[in-house]
Amino acid sequence: MTTPTRAVVLGGGWAGMLTAHVLARHVESVTVVERDILPDGPHHRKGQPQARHVHVLWSSGAGIVENLLPGTAERLLAAGARRIGFQRDLVTLTAWGWQYRFPATAYAMMCTRPLLDWTVRSAILADGRIQVEQGTEAVDLAGDRSRVTGVRVREVAGGGEPRMLEADLVVDATGRASRLGRWLAALGLPAVEQDVVDAGIGYATRMFKAPEGAGDTFPAVQVAADPLTRQPGRFGVVYPQEGGRWLVTLTSTRGAPLPSQEDEFRGYAKELRHPIVSDLMSVAEPISSIFQSHSGANRRLYPERMPQWPEGLLILGDSLAAFNPVYGHGMSSAARAAEALDKELARDGFGEGGTRRLQRALSEVVDDPWIMAGLNDIQYVNCRNLSRDPRLTGPDTAERLKFSDYVSSKSIRSPKVCEVATGVLSLNAPQRALGDPGFLSLLHSDTSYPELVEPPFRPEELETVGLKPSGTAAKGVFD
C-alpha cells in the first residue's frame, strides 16, 4: 500500500474523531462522514442514545487523549468533570463483599458522555485540518475484494443519489450499527468471523440533582450483582456528573425486568444487594426522564483472520469490538486504538501490506478488554455464549473463572493485590500481569484486612447527603 493522501473516517463519535486526529498527522486530507448534525456544545444527539447512560474514561484512555490533545483533562475538570481515584473515591459492593477504599493507583474521569465528546471534538476540529460531512451516511464501499478506493455517501435528509468520496484509506468507526458485513459482501468477500457473549444486559438511567455540597466531594457508588447466585444480575451505580448532578444507572442481565416507570425505578433500586443506591436516590431530586438501552452484548470481529482483506480498509472502535458497558472499557479501548495506529504509522508508515499490519495492531488492543468482559459475563445465568474463543469455551475456562474469582476476593481487602488488579481493570497494565510470578506470590503474602460488613463511607460524607452515619462507617477508608 502506497502512502495515502486522502483518508475518510466513517463515524464522528469518540473513536472516529480520535482516529481522524491521528490520521491528520500522517496524510494530506481527512474527511469524517457523520449521520448526525453534531451539536455545538455538550448536548445529546439522536444517533447516540447510549450516551444518556453512565460513561467513564479510565486513566489509561485519559492519558492517551491528554498526549494527543494536551489540556483535555484540564478542560474537562474546568467544566465540572470529576476525577475519581480507584479505590479511594469509590464505595463498591462487589460480588465478594465491600471493597476497601485503598489509596488511588488509577482513576477515571466521570462526566456526561456529551461533555467528553464535545471537549475532544472541539479541540480536534479547532485547527480546520479535518473536514466533516455532517448529516451524511455511507451507502457502500467503492473498489473490489483486493482494494477499497473510496466510499459512496448520500445526505440523510432527503436521500438523493449517492456521490463518491474517493479515498486511499477508509476507516469504519460507525459503532455497533456498522454495515460492514453488507459492504464486504457487495465486494465479493465472505463474512468476518465473529464472537458474541450476550448476557442480555439492559440499562435504565435517570439524572438527579445531588444534595447541596455533595456534587464535588461525594464518592461514586456501585452495587454489583453476584453471578454465583445463579439469579439474573442486578446492578446499580450513582456516578457524579458535572453541574452538581448524579447519574443513576440500574442494570439487569437476561431474566431480570428493566424498570421504565418511576415507581419501578425506585423499587428496582431497593431490590439490589444493598439499599445504598435507593437511599441516595431518596435524598436527591430527579431531573430527567428514565432512559433505557438494551445494546450491551460483547461482540468482536476478527478481520485479521480473513484469508483476504482489502487494502485501504480498517475497522476499529465498536465496529471492531463492543463490550458490555458496565466495565467502562469502550472509550479507553478506542483511545488505545488511536494510539496504536499513530505509533504504527510513525514507525513503519503504510508500506507494503500496510492495511493488514495496521489492522492486526488495532485488533491486539481490544484483546484484554474482550477477555475481561467475556469471562465476567459468561458467569451470568441465561448468558448466550456464542464465542469460539478457547479462553471462554475451552476445558480450562472453569479454572480461569476460579482464578479470577480468587483474585477479586483478595483485591477487595489486600492493598497490593488491589493495586495490580486495578491496573489491569483500568487497562493501565496488561492482563498477563495477573499471571506474573511476583503477583502470584503476592496473592499469598499481601496483608488481608477483615471483611467489611457495611459500606465504607466517611461519617462526613453521609452527613453531607443527610444520611445517618453508623458507628463503624469509617472502617475501610484509607486517607
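Scanning region 389-411 for residues that are open to solvent by 20 Å² or more (accessible area, probe 1.4 Å), within 23 Å of the chain's Cα centre (by Cα) and under 22 Å from residue 192 (Cα atoms) yields one hit, 391.
Among the residues of region 77-85, is any within 27 Å of residue 243 (Cβ to Cβ) and assigned to a helix (DSSP H, G or I)?
Within region 77-85, the subset within 27 Å of residue 243 (Cβ to Cβ) is 77-85.
After this cut, where a residue has to be assigned to a helix (DSSP H, G or I) as well, the list is 77-78.
The answer is yes; a qualifying residue exists.
Against the test of being modelled with pLDDT of 95 or more and at positive phi, the options 80, 85 yield a single qualifying residue, 80.
Yes/no matrix, rows are residues, columns are (1) under 30 Å from residue 68 (Cα atoms); (2) open to solvent by less than 20 Å² (accessible area, probe 1.4 Å); (3) free of Cβ contacts under 8 Å to residues at least 40 places away in the same chain:
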{"site": "101", "(1), (2), (3)": "no, yes, no"}
{"site": "109", "(1), (2), (3)": "yes, yes, no"}
{"site": "116", "(1), (2), (3)": "yes, yes, no"}
{"site": "119", "(1), (2), (3)": "yes, yes, no"}
{"site": "123", "(1), (2), (3)": "yes, no, no"}
{"site": "126", "(1), (2), (3)": "yes, no, yes"}
{"site": "140", "(1), (2), (3)": "no, no, no"}
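Is one or more of the residues making up region 204-214 acidic (Asp, Glu) and open to solvent by less than 40 Å² (accessible area, probe 1.4 Å)? So that I can check it myself, show each step before the final result.
Here is the first cut: in region 204-214, the ones acidic (Asp, Glu) are 212.
Narrowing further to those that are open to solvent by less than 40 Å² (accessible area, probe 1.4 Å): none.
Among the residues of region 204-214, not one is acidic (Asp, Glu) and open to solvent by less than 40 Å² (accessible area, probe 1.4 Å), which makes the answer no.
On inspection, residue 85 qualifies as open to solvent by less than 20 Å² (accessible area, probe 1.4 Å) and free of Cβ contacts under 8 Å to residues at least 60 places away in the same chain. When restricted to residues that are at pLDDT 95 or above and either in a loop (DSSP other than H, G, I, E, B) or in contact with an Asp or Glu (Cβ under 6 Å, 6 or more places away or on another chain) (or both), region 160-174 contains 3. Remark: pairs (first residue in region 177-201, assigned to a helix (DSSP H, G or I); second residue not polar (S, T, N, Q); Cβ separation under 6 Å; 6+ apart in sequence or on different chains) = 180/172; 181/191; 183/140; 183/141; 186/140. Scanning region 412-428 for residues that are under 22 Å from the mean Cα position of the chain (by Cα) and open to solvent by less than 30 Å² (accessible area, probe 1.4 Å) yields a total of 7. Just to be sure before I move on: is residue 157 of a type outside the set (Lys, Arg) and either closer than 30 Å to residue 80 by Cβ or at pLDDT 95 or above (or both) in the structure I sent? No; evaluated as a whole, the condition is false for this residue.
Can residue 222 be described as in contact with a Ser or Thr (Cβ under 7 Å, 6 or more places away or on another chain), more than 28 Å from residue 390 (Cβ to Cβ) and either in contact (Cβ under 8 Å) with a residue 60 or more places away in the chain or open to solvent by 20 Å² or more (accessible area, probe 1.4 Å) (or both)?
Values: in contact with a Ser or Thr (Cβ under 7 Å, 6 or more places away or on another chain): yes; more than 28 Å from residue 390 (Cβ to Cβ): yes; either in contact (Cβ under 8 Å) with a residue 60 or more places away in the chain or open to solvent by 20 Å² or more (accessible area, probe 1.4 Å) (or both): yes.
So residue 222 passes the test.
Taking the condition of a type in the set (Gly, Ala, Ser), surrounded by fewer than 21 Cβ atoms within 10 Å (Cβ to Cβ) and touching a residue at least 60 places away in the same chain (Cβ under 8 Å), does residue 71 pass? No.
A quick yes/no check of all residues on (1) open to solvent by 20 Å² or more (accessible area, probe 1.4 Å); (2) β-branched (Val, Ile, Thr); (3) under 23 Å from residue 310 (Cβ atoms); (4) touching a residue at least 12 places away in the same chain (Cβ under 8 Å):
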site	(1), (2), (3), (4)
11	no, no, yes, yes
17	no, no, no, yes
26	yes, no, yes, yes
40	yes, no, no, no
47	yes, no, no, yes
58	no, no, no, yes
61	no, no, no, yes
64	no, yes, no, yes
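The single condition from (1) more than 19 Å from the chain's Cα centre (by Cα); (2) over 30 Å from residue 388 (Cα atoms); (3) surrounded by 16 or more Cβ atoms within 10 Å (Cβ to Cβ); (4) not acidic (Asp, Glu) that residue 192 fails is (2).
Right, residue 408: modelled with pLDDT of 95 or more and part of a loop (DSSP other than H, G, I, E, B) or not? Judged against the criteria, residue 408 is not a match. Taking into account only those residues within region 260-281 that are in contact with a Lys or Arg (Cβ under 8 Å, 6 or more places away or on another chain) and not basic (Lys, Arg), which is most open to solvent (accessible area, probe 1.4 Å)? Looking at the filtered set, the residue picked out is 271. Among the residues making up region 228-245, a single one is more than 19 Å from the chain's Cα centre (by Cα) and open to solvent by less than 10 Å² (accessible area, probe 1.4 Å): 233.
The values are calculated or read from the model by the stated rules, or taken from the named source; none is laboratory data. Just so we're clear, the structure is a prediction, and the values are computed from it rather than from any experiment. Cβ: placed from backbone, ideal geometry, glycine included. Neighbour counts: every protein chain shown. SASA here: full protein model, heavy atoms, side chains in, ligands and nucleic acids out. Shrake-Rupley method; radii C 1.70, N 1.55, O 1.52, S 1.80 Å.
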